[in-house]
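Everything below concerns the one structure shown next.
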C-alpha cells in the first residue's frame with residue numbers, strides 16, 4: 001500500500017463517455033484489493049453513489065447542495081437549474097414552422113446547468129464560479145451579466 005494517498009480524477013466535459021462507470025469500477029477494484037478507498041460523488045444526480053448502493057432518498061445533502069446552500073445563505077443565489085438532455089426544437093423556414101422532438105446533444109453540451117448569482121463585482125462572480133467549478137469538475141463556465149427590468153428603467 002502507498003504511504004501517501006493517491007488521488008484519481010476522472011473528468012471529461014462530454015456526457016455519456018463513461019466517467020461515472022470508470023470511477024465506480026476503479027473504486028470497487030481498489031477496495032477489492034483491500035486498499036482504503038474513498039469515492040467522492042460530485043455530480044448533483046448522484047449516479048456514482050447509486051452505483052455503489054447508496055439510495056438517493058437516504059442522502060441528506062450532496063456537495064452541490066452544500067454549495068448552493070452557502071450561496072443562498074450569502075444571499076447571492078438568485079436561481080439555478082439544469083437542462084434535460086431531451087427537448088423540442090422549433091424551426092422556421094420559408095414561413096413554415098417545424099417541431100422536432102429528440103435528444104439534442106449539442107444543447108446539453110452548450111449548457112448543462114446554470115446558476116444565477118447576485119454579485120457586487122466581476123471579481124465576486126469569478127470567486128463564486130471557481131467554487132462551483134471545483135464541485136462540478138473540469139470544463140468551462142461563462143460569466144455573463146444578467147439584466148433585469150430595473151436596468152432599463154428610464155432615467
- Hey, any hits in the stretch 107-120 for a residue that's loosely packed, with under 12 Cβ neighbours inside 10 Å, under 30 Å from residue 20 (Cβ atoms) and modelled with pLDDT under 75? yes
- If you take the residues of the stretch 16-47 that are touching a helix residue (DSSP H, G or I) at 6+ places or on another chain (Cβ under 6 Å) and assigned to a loop (DSSP other than H, G, I, E, B), which of them is surrounded by the most Cβ atoms within 10 Å (Cβ to Cβ)? 41
- Look through the stretch 49-69, keep the residues that are out of contact with any helix residue (DSSP H, G or I) (no Cβ under 8 Å at 6 or more places or on another chain) and not in a loop (DSSP other than H, G, I, E, B), and return whichever of them is surrounded by the fewest Cβ atoms within 10 Å (Cβ to Cβ). 57
- Item | The one condition in (1) out of contact with any strand residue (DSSP E or B) (no Cβ under 6 Å at 6 or more places or on another chain); (2) modelled with pLDDT of 75 or more; (3) not in a helix (DSSP H, G or I) that residue 102 fails to fulfil | (2)
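The values are calculated or read from the model by the stated rules, or taken from the named source; none is laboratory data. Predicted model only: the values in this text are computed from it and were never measured. Reconstructed Cβ throughout: ideal geometry from the backbone, glycine too, with neighbour counts over all protein chains shown.
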